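Take a look at the structure set out below.
The values are calculated or read from the model by the stated rules, or taken from the named source; none is laboratory data. Quick caveat, the model's predicted, so the values are computed rather than measured. Counting neighbours? That spans all protein chains shown, and the Cβs are built from the backbone with ideal geometry, glycine included. With ligands, DNA and RNA removed, areas are computed over all heavy atoms of the protein, side chains included. Shrake-Rupley method; radii C 1.70, N 1.55, O 1.52, S 1.80 Å.
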Amino acid sequence: MKTILLLLMVATWIGELSADYGSTYQPKTHKSFLIDNAVIDVGEGQGEFLGWVAVSGGRIQAMGTADEPKPEVEERLDANGLWLTPGIIDVHSHLGDYPSPSYRAHSDGNEATSPVTAEVWAEHSVWPQDPQFPLALAGGVTVLQILPGSANLFGGRSVVLKNVWSRTVQGMKFPGAPYGLKMACGENPKRVYGSKSQSPATRMGNFAGYRKAWIDAQEYQKKWQRYEKALSEYIAWESTKRGSDYKARPSPPKRNLQMETLVGVLEGEILVHNHCYRADEMAQIIDLSREFNYQVTAFHHAVEAYKIGDLLAANNVCAAMWADWWQFKLESYDGVKSNVPMVHAAGACAIVHSDSATGIQRLNQEAAKALAAGRRLGLSLTDSDALTWLTRNAAKALGILEQTGTLASGKMADLVLWSHPPLSVYARAQVVFIDGVKHFDREQGIGPVTDFEIGQREEIF
Amino acid sequence: MKNFVLMLVLLTGSGFCLADVLIKGARLVTDNGETGEIRDLRIEGGRIVEIGVNLIATNQTRTFDAMARPITAGLIDSATTIGLAEVSGLGVSYDGEVSGDEMAAGFQVALALNSASTLIPLASNDGITRGIVVPEPGDSNFAGQSAAVRFVRGSNFLQRADNALHLYLRERDRRHAGGSRSRALSQAVDALKEAARFERQREAYDSNRLRPFEIGHDDLEALVLVLSGKMPLVVHVDRAADIRNVVDAFTAFADVRLVLAGVAEAWKVTEILLAHDIPVLINALDNLPQNFDRLGARLDQARLLSVSGVRFALMSGSPYSEFRSLTQAAGVAVAHGLAWEQALLAMTSVPAEIWGLEGLGKIELGAKADLVIWSGDPLEVSSAPVVVMVDGDWVNLETRQDLLAKRYLEVLNLETTD
């Protein structure tokens, strides 16, 4: 018994120390159903087929082409040739943290009080009644990552949410999704702290700040490793009381929330999402990750990712990008419309993200714009390639590809039925399922209305 | 194809093109890029002089074969900042607002415009040939005067320096009037009354025999133009209750040409807008309830306005972020119920009419030859202009971004089909 306890403690000490704050999300039960006669793109970049998807217990039970035999289900839904894709996943959102209405009283996205605030968690700021969540749902978004803002070198932990109406953020949390750590390069940290005459005031100051924090994290990690070792020695001694020396039970070091998050990265439990615009800075960040032996999961915004697609591919780093935002700050000056397709063509993991409560409502169109720009440049890309930027690749960057992001048997039934081909400007999400439960149906007028909207705003779709 | 466009650009050189142009086989698009009659267009002296079938080219004529692609009039963006900033954010290079003045009606953005801006061809790449460059409020509800521009780099960028006077009465603009929108509106009305007093007694003003004005001379002159209807007054306002008050206040001045912009809740007061024939400018993607003035913001506002008969034009607001594509916004409005043709009109003939842009916004005999030939449905996000003509001259569509992308295609040795 004690051995089991010890093993558990060693294996899960981070989780244990992180207390709970766990997901309480429980999908509603639903009748098993089958969507028939849909043009299906499973999100793997392999094109479309006319067929069906069967859903049972919140999961995709089976899929097939039109002529393949279908399982028995309780309900059938004829898609009449509409287009079916995995739910859209936005890896970069601030919904709930920067809600509408956007008053200072509700603006909780950026703890811009110190360059290192790895101790803050975005989920503690999320207002679940933000009316922007249902607007994103009407755009087909089923999963989104809420990140802290980019004022700080280390902005804090992100949280991955299912886009479901809930009284609490715990009721939205994607069960088992890893946490992310928001880091930021470039203009924002140096501007925010430089203007207060404190470090960082320059890009080199940014890097000194990252390195100092990682050195502290390594030390903290060692301190806990020493404690774990001493504890296991004590427990071994205590169970037998053999040996000459009396051993005192060691006391644990004092917890440091900031360091816990950074150590979580060093241990591979927490994924790094790094706001970074310029190619040269991304290359420097990759060196930083080598110095401290951690993996950068994704660069966000990455408007110059097209310059280093090879480097991103070689280091297995995704780039999450806009289709055509640029020139709003100097570090975005070299943005090009073909950024996303060029990263894709270089063999790296390309993602289209929003960072915007309006953009999140039409990520499919943003992917379409990027695709068209790539084709005009002469790159060979399919519509299906572009869909992976919103589904599979996004799920990969959030560490949830095993559960969602593509359509496959056993995966979560996060599905969108579109009125037109999904990359068309005329395409609207007609029906959105999350874990097999219909959360949005445009024609039937089904969709969440937040508490904020009650009695004053209900005609939103 | 690309080579042909490049050749055209080389031939037309600095933008002067005295020879005739014959556009063969262009589709006068009416719906989704698929319907519409196919016609030839002859261009002479910057105007459309003939529309027909099987028009004959002369020796001097340069011919462009549109190959049945859609053609539209050049689009007009009713609010942009192209030309006012190379990099908009964080005060890097933005000239669109003035601080420290309690009254900035006399401020014109025109003198700050950069006709060499690298952003100008971006507008062309969205099929936009004309735009209204709009000031933002610094410390005054009267932010200044917008300029009408044509999106051609270098020559004759500025078309009109006193396009319209802009007054901001949105929720956050209360701060320029001591904290209440009530005072913001009453101060604006008082300013117009003062301008009327000034106009009635110019001689006395010039000889210093008048009760002094608290408003500067250039501000008074701007307001006089508004009073006489020579310059439209654009009021940026969102809340239905405020729209009512604004209409009441300014329709009391007989000749004021009122235009409303933003207008998140215009759909709630369409009967008032119709009664006074007041056109509105909308950002068709702006559906967030960002404040209590905008609780009625919705994506199908364009449809609601169209159904009720209110004239509206589309504006992008900012070319830098959120979105840069006016046609995308129009497409989204169509997806939410607006008739396709109405969406096109909201970027062509309606804004031309609102801004008094003679000869623009229509493809007809005698119209200015601002023309866009599209790769597909002009409102579809995958479509782009194949060629763009302004005042009869082909526009160079190449952007700095194109050159950067091409450089890195080579650096990374990425495979292309070209």
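Values computed for the structure shown
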quantity	calculated
Cβ neighbours within 10 Å from other chains - mean over A:416-425	3
DSSP beta bridge pairing in segment B:75-361, given as percent antiparallel to the nearest 5	35
Degrees, to the nearest 10: A:279-291 long Cα axis against longest axis of chain A	40
Loop-located trypsin sites (Lys or Arg not before Pro) in segment A:385-461, at most 16 other Cβ atoms within 10 Å (DSSP)	A:ARG442
Inter-part distance where segment B:136-160 and segment B:190-212 are each reduced to a Cα centre, Å	28
Separation of alpha-carbon centers, segment A:152-169 and segment B:34-59, rounded to whole Å	58
More than 22 Å apart - percent of Cα-Cα pairs taken over segment A:319-461	46
Cα-based helix-to-principal-axis angle, A:363-376 vs chain A, degrees rounded to 10	80
Structure-based [θ]222 nm, chain B - -39500 (n - 2.57) summed over DSSP H runs of at least 4, per residue, nearest 500	-8000 deg cm²/dmol
R0 of 22 Å, Cβ-Cβ distance A:ARG442-A:LYS31: FRET efficiency to nearest 0.05	0.55
Candidate lysines - alpha carbon under 16 Å from A:LYS369, same-chain residues fewer than 8 apart omitted	A:LYS337
Ranked by how many other beta carbons lie within 10 Å on average, peptides A:416-423, B:199-206 from highest	A:416-423, B:199-206
Whole-angstrom Cα spans of segment B:126-282 along principal axes, big to small	53, 44, 30
Highest average packing first - B:335-343, A:33-41, Cβ atoms within 10 Å	A:33-41, B:335-343
Inter-chain shielding of B:328-335 (mean C-beta neighbours from other protein chains, 10 Å cut-off)	4
Three-way shape label, segment B:101-164, alpha-carbon gyration tensor, a/c 1.5	prolate
Cubic angstrom per residue, convex hull over Cα atoms of chain B	158
Kirkwood Rh in Å, taken over the protein assembly as shown so that all alpha-carbon pairs contribute	29.4
Among B:ILE38, B:ILE82, B:ILE120: highest mean-square fluctuation, GNM of chain B, C-alpha pairs under 10 Å	B:ILE38
Rounded tilt (10° steps) of A:2-11 against the dominant C-alpha axis of chain A	70
Beta bridges by DSSP in the protein assembly as shown, antiparallel share as percent, to the nearest 5	55
Rounded FRET efficiency, nearest 0.05, which uses the C-beta distance separating B:ALA241 from B:ARG197 and R0 of 30 Å	0.50
Gyration tensor (alpha-carbon) shape descriptor, segment A:202-344, a/c threshold 1.5	prolate
Of B:THR80, B:THR61, B:THR72, the one that fluctuates the most in a GNM where chain B has Cα springs shorter than 10 Å	B:THR61
10 Å-binned pair-distance histogram of segment A:81-238 (Cα, whole percent)	11, 30, 27, 20, 10, 3, 0
Hydrodynamic radius (Kirkwood) for chain A, which is based on Cα pairs only, to one decimal in Å	23.3
Calculated over segment B:271-367: convex hull of Cα atoms, volume per residue (Å³)	115
Where segment A:166-237 is the region considered: accessible area per residue in Å², 1.4 Å probe	47
Relative pair counts by distance (%), Cα atoms of segment A:56-147, 10 Å bins	13, 32, 23, 17, 12, 4, 0
Two-site FRET efficiency, A:TYR234 against A:ASN293, from Cβ-Cβ distance with R₀ of 35 Å, rounded to 0.05	0.75
Normalised per residue, the volume of the convex hull around the Cα set of segment B:31-145 (Å³)	165
Distance between segment A:82-121 and segment B:375-410 - C-alpha centres, whole angstrom	34
By average C-beta atoms within 10 angstrom, highest first, the peptides B:247-254, A:332-339	A:332-339, B:247-254
Per-residue mean of C-beta atoms belonging to partner chains within 10 Å, peptide A:451-458	2
Residue of B:ASN125, B:ASN208, B:ASN141 that the Gaussian network model of chain B assigns the largest fluctuation, springs spanning Cα pairs under 10 Å	B:ASN208
Two-site label geometry, B:ARG183 and A:THR382: point separation in nm, points 7 Å out along Cα→Cβ	6.5
